1. Loop sites only, by DSSP: take the trypsin sites (Lys or Arg not before Pro) in the chain that have at most 16 other C-beta atoms within 10 Å and name the longest stretch containing none of them.
2. In debye, nearest 20, what is the charge dipole magnitude of the chain about its Cα centre with +1 on Lys and Arg Cβ and -1 on Asp and Glu Cβ, if you could check?
3. Just subtract the alpha-carbon distance of Ser94 and Glu167 from 0.36 nm times their residue separation and send over the number in nm, one decimal.
4. Go through region 38-46 residue by residue and turn each phi into a ³J(HN,Hα) via Karplus (6.51, -1.76, 1.60, θ = phi - 60°); whole Hz please, and just put x for glycine and proline.
5. Ordered by residue, what ³J(HN,Hα) values in Hz, to whole numbers, does region 104-119 give under the Karplus form 6.51 cos²θ - 1.76 cosθ + 1.60, where θ = phi - 60° and Gly and Pro are x?
6. Determine one quarter of the surface area of the Cα convex hull of region 25-175, which equals its mean projected area, and express it in nm² to one decimal.
7. In whole Hz, what ³J(HN,Hα) sequence does region 169-175 give by Karplus (6.51, -1.76, 1.60; θ = phi - 60°), x for Gly and Pro?
8. Just want the answer: with Cβ charges of +1 for Lys and Arg and -1 for Asp and Glu, which residue in Ile41, Ala158, Ile62 is farthest toward the dipole's positive end in region 25-175?
Amino acid sequence: MSTDPGTERATGSIPPDDVERAVAALLEDNARARAELIEAIAGLSEQERRERWADGWSLYEIVAHIAAWQDGFAAALECAVRGERPQVPGFDSSLADATDRYNAIVAAAVTDVSWEDLLSRLETARARHEAAVRSVPAAIPADRFEDGRSARRLASSANHDREHIPEILAWRRRRGLQDAAGGHVHPGVQ
């Protein structure tokens, strides 16, 4: 066992086959979460998608935020695969308010973007991220893909998608908006 610098937690080696299984499971979970997100944002009018309700954000900003972070995680994984320090482009981790700054830049950049272009960006980010995750088993040592390690965290986009789905569904329920199938989203139902 060794110690992971910065976290002081013990790490051990995991077999490469376990990394391949973990990658496959993450990719499946990422795909399920993305399908849940797409379902949560489907069937809305342009006016509904532009309505500001989430701390001043609309669905445009939320989707742009998700796409930007997933694309950034893909870029960081690509760095790790090359043996470089993982870094999300445009994110300055030395700043105390780095996350807020990054999110504000992303949100401001979508004021004139069409919904179709935004969904295309989301799909492009997903595809890039999936390709980066698929490259992990052959390029990153197994011990760097353990739970809690940066490569493992960067490979999972499901948690971020699912972080936003409940707030979207709650907003739809408050507004009495129909779900993608044409039924109403009922209070207490996710």
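Laboratory data are not the source of any read-out in this text; all were calculated from the coordinates shown. Remember, predicted model here, so these are calculated numbers, not experimental data. Counting neighbours? That spans all protein chains shown, and the Cβs are built from the backbone with ideal geometry, glycine included.
1. Values: sites that count: Arg52, Arg82.
In short, 83-190.
2. Working: 23 positive and 32 negative charges, 28 e Å.
It works out to roughly 140 debye.
3. 23.3 nm
4. Couplings: 4, 5, 5, 9, 7, x, 10, 6, 4 Hz.
5. After applying 6.51 cos²θ - 1.76 cosθ + 1.60, I find 5, 5, 4, 5, 5, 7, 10, 4, 10, 9, 6, 4, 4, 5, 5, 5 Hz.
6. On the way: hull surface 36.8 nm².
Mean shadow area of the hull around the Cα atoms is 9.2 nm².
7. 5, 5, 4, 4, 5, 4, 8
8. The residue sitting farthest along the positive end of the dipole is Ala158.
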